[in-house]
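Beneath this line is the structure, given in structure tokens, with notes to follow.
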Amino acid sequence: MKRKILLTYVESGFGHISSMDSIYDALVDRCSGEYDIQKSFILTEDGFPNLVKMNRFLIKQVQNTNKIPYFGRFVFPFIALLGGHKLLRFFHRQMAHKSFLQGLEAIKKRKPNIIISNHYFTDLLAVEYKRRIDPDVVVINYNPDPTLHTFWDRRDGIFIVDNPLAYKKAVKYKFKEENLRLVTPCVRKCIEDNNLSREQLRDKFDLPQDKFTVVIADGGYLLGRGPKFAKSLIKSGLPITLCVIAGHHKKHYDYFKAIEEGRGKLKVSPNMTFKTYGFLENAYELYGAADVFLTKGGPNAVLDSVYMHTPVMINYCPHVIEAGTVKVFIGEHGCGETVYRRGKAIKRIRQFIKDKSPLLQYEENIEKLLAEGNGITAVADIVEEEAQKQRLVYESRGIVIGDDDDGNGDVQAEQAPEADVTPDYDTDIRIAEEEDKPTKEGDVLR
């Protein structure tokens with residue numbers, strides 16, 4: 001049977017899903033004939049009750065960082081102060097041990113040879129699976145954020161970052177440098193391959209060609225400052241096309257849809273074209289139809305906009321990750337600007353209507369960034385390299401590697417002896433200090 005590559009998905013902001021999709025697509029294009037490549041929403045697919053609850057808990061905390069003022073700015077440094085990844089390891093293994101054991105069981109059911117994750121919790125599960133169940137499994141993590149927080153388990157596994165700022169943070173947090181890899185940001189192939197012009201995209205969404213166009217979105221639920229900025233822009237009466245993507249937030253969608261249809265208390269000026277959208281799978285195309293994308297500092301949406309050649313205006317950074325978006329995409333690459341006050345946003349858009357030269361400079365900067373290439377190719381190279389090292393380890397042990405019935409050269413590898421991790425809630429989990437000891441020589445593949 002083929003060796004199995006398992007990509008673990010977590011619904012913790014759309015950036016975690018879209019970056020994993022980009023890696024999945026690259027691997028399928030590159031090596032689906034040699035490997036069984038599986039994607040899995042590992043926290044929910046098997047219906048393990050405590051694991052499903054943990055998934056809901058993680059989603060809730062992401063929402064809280066966006067909608068509760070200063071919550072995100074507090075929680076990241078607070079957890080770092082209390083030990084970062086060590087604190088979270090203690091929390092998951094000791095306090096939330098039922099969901100932790102169910103997570104190990106979910107991985108065990110799939111019997112992967114390579115685990116790819118991009119969230120701290122699935123990273124923890126992968127490292128623990130390697131230590132407890134299969135010492136030969138290869139663990140690979142991709143950090144989808146422009147910076148690095150302290151939640152990640154640094155004991156084992158290849159750790160991929162997509163910009164120098166995150167790399168410096170990883171070195172600061174004492175990740176093993178031999179395990180670090182630096183690539184460019186990973187974006188979905190459908191976005192990279194887009195060849196529609198701004199004019200064609202406006203036709204696709206039935207938007208006026210002759211108006212300055214602003215798109216507002218704040219993740220999947222419009223939980224940032226987008227609603228307030230949208231209201232202020234409507235009140236300004238600027239002669240623009242204004243598009244609001246409410247995502248899955250029904251209350252926001254109903255409110256702005258009523259305004260669009262003339263049923264709301266807030267009235268749209270005759271000079272303005274106003275459109276409201278729910279969740280869009282192809283939201284990136286609407287970004288591409290805009291002259292400017294007004295959003296919070298979510299790295300995925302900003303990256304999508306940049307790949308659609310549309311400058312960004314960032315109006316809110318609720319925590320350290322999104323502050324990193326500003327440092328990388330605004331400060332380092334010059335792909336747009338910050339507008340933290342509504343009055344400033346209106347002023348700048350009014351100026352852009354009269355003079356687009358600043359936006360043209362931002363677009364030139366975007367082209368320079370895109371010339372560095374999509375990171376998915378480099379990530380696929382890393383996965384193949386680590387898979388080849390694993391193959392050599394198998395061969396050194398005399399494990400048969402031969403063709404299957406289709407002649408695909410698949411690996412007939414014996415699975416490592418499996419520990420029984422079926423949830424037993426009366427059994428104590430080994431203490432953290434014991435678990436932090438290095439694995440035996442030969443257990444970790446380099």
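Key figures
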| quantity | calculated |
| --- | --- |
| Cα-projected label distance for Lys189 with Lys368, points at 7 Å along beta-carbon direction, nm | 3.1 nm |
| Rounded to the nearest 20 debye, dipole of the chain from Cβ charges on Lys, Arg, Asp, Glu | 3020 debye |
| Gain on full stretching of the segment that runs from Arg73 to Asp381 - 0.36 nm per residue minus C-alpha separation | 107.3 nm |
| Most to least accessible of Asp355, Asp123 (protein chains only, probe 1.4 Å) | Asp355, Asp123 |
| Mean ellipticity per residue at 222 nm, deg cm²/dmol - from DSSP H runs of n ≥ 4 across the chain, formula -39500 (n - 2.57) | -13500 deg cm²/dmol |
| Relative contact order for the chain, counting Cα pairs under 8 Å that sit 6 or more residues apart, in percent | 18 percent |
| ³J(HN,Hα), Karplus 6.51/-1.76/1.60, whole Hz, each residue of the stretch 118-129, x for Gly, Pro | 9, 9, 4, 6, 5, 4, 4, 4, 5, 5, 5, 4 |
| Vicinal HN-Hα couplings computed from phi for the stretch 223-236 (Karplus, 6.51 cos²θ - 1.76 cosθ + 1.60; Hz; Gly/Pro x) | 9, x, 8, x, x, 5, 5, 5, 4, 5, 5, 4, 5, 5 |
| Environment charge of His309, counting only residues whose C-beta is closer than 10 Å and scoring Lys/Arg +1, Asp/Glu -1 | -1 |
| Helix 250-260 axis, angle to the chain major axis (alpha carbon atoms, nearest 10°) | 20 degrees |
| Charge context of Ala289, other residues only, Cβ under 15 angstrom, K/R +1, D/E -1 | -3 |
| Reachable lysines, given that their alpha-carbon falls under 18 Å from the alpha-carbon of Lys53 and they are not under 8 places away in the same chain | Lys98 |
| Cα centre as origin, Lys/Arg/Asp/Glu Cβ charges: the stretch 95-210 dipole, Debye | 640 debye |
| Glu177-Ser396 pseudo-label distance in nm [points 7 Å out on the Cα-to-Cβ vector] | 2.4 nm |
| From phi via Karplus (6.51, -1.76, 1.60), per-residue ³J(HN,Hα) for the stretch 274-291 in Hz, x at Gly/Pro | 10, 10, 10, 10, x, 5, 10, 5, 9, 4, 4, 5, 5, 4, x, 7, 8, 7 |
| Acute angle (nearest 10 degrees) that the helix 342-354 long axis makes with the longest principal axis of the chain, alpha-carbon atoms | 70 degrees |
| The chain: angle of helix 97-110 to the longest principal axis, Cα-based, in degrees nearest 10 | 80 degrees |
| The stretch 1-158, relative contact order [Cα under 8 Å, separation at least 6], % | 28 percent |
| Dipole of the chain, positive end: most advanced residue of Leu43, Ser117, Pro299 [Cβ charges, Cα centre] | Pro299 |
| Distance histogram for the chain (every C-alpha pair counted, 20 angstrom bins, percent rounded to whole numbers) | 24, 52, 22, 2 |
| Sequence-separation-based contact order of the stretch 204-301, relative, with Cα cut under 8 Å and 6+ spacing, percent | 37 percent |
| The stretch 321-384 versus the stretch 272-294: alpha-carbon centroid distance in Å | 17 Å |
| Options Asn143, Gly157, Ala170, ranked by Cα towards positive dipole end of the stretch 134-177, top entry (Cβ charges) | Ala170 |
| Too-long pairs where the Cα-Cα distance tops 20 Å, listed order kept, from Lys228/Lys251; Lys327/Lys347; Lys39/Lys67; Lys169/Lys389 | Lys327/Lys347; Lys39/Lys67; Lys169/Lys389 |
| GluC sites (Glu not before Pro), loop per DSSP, at most 13 other Cβ atoms within 10 Å - longest free stretch of the chain | 1-260 |
| Within-11-Å neighbourhood charge of Met54 [Cβ basis; K, R +1; D, E -1] | +4 |
| Sequence-distant residues sharing a close amide H with Thr273 (under 5 Å, placed H) | Ile240, Thr241, Leu242 |
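The values are calculated or read from the model by the stated rules, or taken from the named source; none is laboratory data. Computed from a prediction, not measured in an experiment: that's the story for all the values here. Because the Cβ atoms are built from the backbone with ideal geometry, glycine has one as well, and the counts that use them run over all protein chains shown. For accessibility, only protein heavy atoms count, side chains too; no ligands or nucleic acids. Shrake-Rupley method; radii C 1.70, N 1.55, O 1.52, S 1.80 Å.
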